[in-house]
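Engineer: Here it is: the structure, laid out below.
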Amino acid sequence: KAGVTQTPRYLIKTRGQQVTLSCSPISGHRSVSWYQQTPGQGLQFLFEYFSETQRNKGNFPGRFSGRQFSNSRSEMNVSTLELGDSALYLCASSPYGRHLNTEAFFGQGTRLTVV
Amino acid sequence: SQKIEQNSEALNIQEGKTATLTCNYTNYSPAYLQWYRQDPGRGPVFLLLIRENEKEKRKERLKVTFDTTLKQSLFHITASQPADSATYLCALVNDTGFQKLVFGTGTRLLVSP
């Protein structure tokens, strides 16, 4: 079974631009979450999608948005990029909906550098 | 405010010894707690999960304890090997069931031969 796939792996953008990152979850997984990882703040939750609906959102500005398609693939978008958005963006999938006993399967991440 | 603290300094131990990593939390009532391993440039990999009503969980050389009174989890690696060198993250989940993990800052473990 293929793991979680994130594309692209590396990205360099200029301040003010926007960027779209993609995540393909493990086949059959319906929940997709996004996280931002920086040296200063660690891993922080961005949002979670299940069956094309955003169910939970972290404390990030509205410049960060996402969506999920009917095949469970997900994209996240960051508009008006700032230098502080430079980070490793990680996507995680899990099989269930409201289920407590669920591990998260992470992708390799997209390394975004804003210059 | 909610806080999850792990040792920020790297833990250096010799091969064969037991590594013990700590995760302390405040202002949080997690339904369960997970431990992940992360290697440089890669995403976290799930290791163990323990529920709030469980005291201890084991998997091969790994053991996790969860003390909701002390608000602390301990993660042990017995007979450590250089291949165990990585950053270890604890993550808490509340009881909503939504897949939202709140991570600690992680502890880097270095196992020397």
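Engineer: List A:29, B:76 from most exposed to least, where exposure is judged by having the fewest other Cβ atoms within 10 Å.
Structural biologist: B:76, A:29
Engineer: Which order results if B:58, A:73 are arranged by neighbouring Cβ count within 10 Å, fewest first?
Structural biologist: Result, fewest neighbours first: B:58, A:73.
Engineer: Over chain A, what relative contact order in percent results from Cα pairs under 8 Å that are six or more residues apart?
Structural biologist: The normalised contact order for chain A reaches 36 percent.
Engineer: What percent does the relative contact order of region B:1-71 come to when contacts are Cα pairs within less than 8 Å and at least six residues apart?
Structural biologist: Values: 84 pairs, mean separation 16.0, N = 71.
After rounding, I find 23 percent.
Engineer: Treat every Asp and Glu Cβ in the protein assembly as shown as -1 and every Lys and Arg Cβ as +1, leave all other atoms uncharged, and give the resulting dipole magnitude about the Cα centre to the nearest 20 debye.
Structural biologist: Values: 26 positive and 17 negative charges, 71 e Å.
So the dipole magnitude of the protein assembly as shown works out to roughly 340 debye.
Engineer: Sorted by average packing, counted as other Cβ atoms within 10 angstrom per residue and highest first, what order do A:102-113, A:55-66 take?
Structural biologist: Details: A:102-113: 20.3, A:55-66: 14.4.
For the peptides A:102-113, A:55-66, the packing ranking is A:102-113, A:55-66.
Engineer: What whole number of Å gives the distance from the Cα centroid of region A:43-115 to the Cα centroid of region B:1-72?
Structural biologist: 23
Engineer: Separate question: For B:64, A:115, which order do you get if you count the other beta carbons within 10 Å of each Cβ and list the fewest first? Numbers along the way, then the final one.
Structural biologist: On the way: B:64 24, A:115 9.
The fewest-first ordering by Cβ neighbours comes to A:115, B:64.
Engineer: Counting Lys and Arg as +1 and Asp and Glu as -1, what is the net charge of the other residues whose Cβ lies under 12 Å from the Cβ of residue B:105?
Structural biologist: Combined, the nearby Lys, Arg, Asp and Glu give 0.
Engineer: List the lysines whose Cα lies under 24 Å from the Cα of residue B:63, skipping any in the same chain that are fewer than 8 positions away.
Structural biologist: Hits, sequence-local ones excluded: B:3, B:17, B:55, B:71, B:100.
Engineer: Just the ratio, please: alpha-carbon radius of gyration of region B:1-78 over 2.2 N^0.38 Å, N its number of residues.
Structural biologist: My calculation over the Cα atoms of region B:1-78 gives 1.12.
Engineer: Just the Cα atoms of chain A, one point each, no solvent: what log10 I(q)/I(0) does Debye give at q = 0.14, 0.24 Å⁻¹?
Structural biologist: For chain A at q = 0.14, 0.24 Å⁻¹, log10 I(q)/I(0) is -0.52, -1.45.
Engineer: How long are the three semi-axes of the equivalent ellipsoid for the protein assembly as shown, computed from the Cα gyration tensor as the root of 5 times each eigenvalue, in whole Å, largest first?
Structural biologist: 29, 20, 17
Engineer: Partner chain Cβ atoms within 10 Å, averaged over the residues of A:104-114 - can you pull that number for me?
Structural biologist: Mean shielding count: 3.
Engineer: Using a 10 Å cut-off around each Cβ of peptide B:37-46, what is the average number of partner chain Cβ atoms that fall inside?
Structural biologist: The mean count of partner-chain Cβ atoms within 10 Å per residue comes to 5.
Engineer: Around residue A:57, what is the net charge, scoring Lys/Arg as +1 and Asp/Glu as -1 over all other residues with Cβ under 12 Å from its Cβ?
Structural biologist: Its environment carries a net charge of +1.
Engineer: For region A:1-45, I need the span (max minus min coordinate) of the C-alpha atoms along each principal axis, in Å, sorted largest to smallest.
Structural biologist: Answer, in whole Å and largest first: 37, 22, 15 Å.
Engineer: For peptide A:47-57, compute the average count of partner chain beta-carbon atoms within 10 Å of each residue's beta-carbon.
Structural biologist: 2
FYI, it's all coordinate maths here, none of it is from the lab. If you're wondering where the values come from, they're calculated on a predicted model, not measured in any experiment. Positions of Cβ are backbone-derived with ideal geometry, glycine not excepted, and every protein chain shown enters the neighbour counts.
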